[in-house]
1. Contour minus end-to-end for A27 and D2, with contour as 0.36 nm per residue of separation and end-to-end as the Cα-Cα distance?
2. Of the labelled options (i) 20.8, 69; (ii) 19.3, 66; (iii) 20.1, 66, which one gives Rg and Dmax of the Cα atoms in Å as computed for this structure?
Amino acid sequence: MDNLTFGLTMLLVGMGGTLLTLFLVAALIRGLTATFPPTEENENQD
């Protein structure tokens, strides 16, 4: 495997891994938000 092929492979694996990780974090946050919806606190701020 020459350097160009190796570099492009590492580029695709790195970018794919980053996008996959971001997708998983977004799905986790969305799931937690659906499970535990934020509550609105009605506090009087004078």
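Values in this text are rule-based calculations from the coordinates and carry no lab data. Small disclaimer: the values here were computed from a predicted structure and weren't measured.
1. 5.3 nm
2. (i)
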